[in-house]
1. Can you give the FRET efficiency for Leu141 and Thr226, using 1/(1 + (r/R0)^6), R0 = 22 Å, r = Cβ-Cβ distance, to the nearest 0.05?
2. Summing Lys, Arg as +1 and Asp, Glu as -1, what charge do residues with Cβ under 15 Å from the Cβ of Gly154 carry, Gly154 excluded?
3. Kindly write out, for the range 176-183 in residue order, the coupling ³J(HN,Hα) from the Karplus curve 6.51 cos²θ - 1.76 cosθ + 1.60 (θ = phi - 60°), rounded to whole Hz, with x marking Gly and Pro.
4. Could you work out, for the range 63-126, what percent of all Cα-Cα pairs fall into each 10 Å distance bin, beginning at 0 Å and stopping at the bin that holds the largest distance?
5. For a Förster distance of 35 Å, can you work out the FRET efficiency between the beta-carbons of His38 and Lys189, rounded to the nearest 0.05?
6. For a test of the definition: using alpha carbon positions, the gyration tensor, and the 1.5 limit on a/c, classify the range 19-107 as rounded, prolate or oblate.
7. What lysines does Lys317 reach when the alpha-carbon gap must be under 17 Å and sequence neighbours fewer than 8 apart in one chain are set aside?
8. Could you give the size of the charge dipole of the range 223-285 about its Cα centre, using +1 on the Cβ of each K and R and -1 on the Cβ of each D and E, expressed in debye and rounded to the nearest 20?
Amino acid sequence: MMRVNSRKELVSIIAFAFLAIVLLPALNAFVPEGNFFHISNFTINLWGKYLTLATLAVSIDLLWGYTGLLSLGQSLFFALGGYAFGMHLMLLIGKLGQYKSDLPDFMVFLGYQKLPALWEPFHNFWFATAATMWVPGLVALGLGFLTFRSRIKGVYFSILTQAVTYAAYIMFLTNDIGFGGNNGLTDYKFILGHDIRSGDTQRGLYIASAILLLLTYLGCRWLISTKFGKVQRAIRDSETRVLFSGYAAANYKLFVFVISAMIAGLAGALYVPQVGIINPSEMAPEKSLEAIVWVAVGGRATLFGPIIGAIFVNALKSWATRAYPDFWLIILGSLFIVVVLFMPKGIVGLPGQIKALLSKRKDDDDDELTPVDRVLPAEEAKP
């Protein structure tokens with residue numbers, strides 16, 4: 001059973017569950033438009049995307065913050081989950097596409113005569129949902145097995161994951177593999193029989209995103225509280241010592257790598273119907289680098305910090321790309337530099353830093369007092 005570390009954490013979990021799963025959807029569904037407290041469909045959709053990206057950030061923190069594995073390939077797993085669910089959504093379009101064919105529009109355009117066999121199982125919703133986990137999980141299993149058995153770690157592991165992600169990105173850009181090429185999969189119409197563009201459907205997807213984030217947080221919190229989690233952190237701090245203690249560190253790293261990939265895949269699956277498209281740009285290497293910034297800004301090895309970081313940075317991005325579109329990347333880079341130099345524990349560690357700074361200043365002031373000043377009150381210390 002998961003152990004909540006403090007009353008403050010328990011209150012935070014309950015507050016998040018109430019605000020995200022109950023209050024915001026209620027304000028969207030039951031408060032009429034024009035009312036000050038009404039939450040628009042656009043806002044609900046925007047926050048749904050933020051929550052899926054926050055889930056991706058938690059998956060990175062589980063891998064990087066608690067195991068010491070800096071993967072630059074999480075965007076690949078995120079996109080693979082998105083493609084798996086996007087294939088199902090494409091098949092639901094039917095003859096409502098531009099070409100009035102049972103085949104997806106891009107296949108008609110490219111001259112396909114029939115649906116590829118790979119696509120057939122994705123007619124089934126449950127198969128597609130499962131594929132959002134086992135496809136990225138299987139890729140992570142193969143990559144992790146070869147990597148960890150070869151004892152590749154540190155910066156070499158980061159470079160390898162980035163190289164694999166870039167190779168997949170280049171592959172998905174081509175039209176030959178049957179995933180829409182550069183344009184990807186888009187123009188979705190339905191999900192589980194409901195209009196995917198309707199406010200009710202978008203609200204349901206938002207609630208599903210909030211529940212996924214909550215379950216991911218609770219599951220990861222439980223995992224790191226077990227003996228497995230202790231070994232996991234020991235690998236992060238000193239893998240050599242773990243090996244000398246008789247633990248198979250490669251197996252632990254492989255398990256965490258696969259779990260984090262599956263979490264990222266689920267996040268991608270919920271992201272796709274809310275943005276309405278999935279294309280190779282979602283697995284571009286810079287997407288993984290951007291997600292690393294979320295974790296660093298929020299606070300690595302805290303689980304809650306990456307959630308704050310992902311929401312904060314993406315909300316900042318939404319504003320900056322409208323107000324200062326030419327300077328967004330500069331703003332993001334500057335933010336990362338500030339965090340690395342002055343906020344090593346991220347946003348969640350900022351109160352502790354301020355408290356320590358004030359305490360140090362107080363100690364410095366005490367050091368300036370003479371021995372008599374420390375013993376006697378100020379009035380009595382005067383001659």
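A short reminder: the numbers here are calculations on the coordinates, not readings from a lab. Just so it is clear, the model here is predicted, and its values are computed rather than measured. Neighbour counts are summed over all protein chains in view; Cβ atoms, including those assigned to glycine, are modelled from backbone coordinates with ideal geometry.
1. Numbers: r = 21 Å, r/R0 = 0.97.
Result of the calculation: an efficiency of 0.55.
2. Values: positive: Arg151, Lys153, Arg236, Lys253; negative: Asp237, Glu239.
Value of the local net charge: +2.
3. 5, 8, x, 10, x, x, 5, 6
4. 19, 38, 21, 13, 8, 0
5. Details: r = 27 Å, r/R0 = 0.78.
For R0 = 35 Å, the calculated efficiency reads 0.80.
6. oblate
7. The reachable lysines, counting only those whose Cα sits under 17 Å from Lys317, are Lys49, Lys287.
8. I would put it at about 340 debye.
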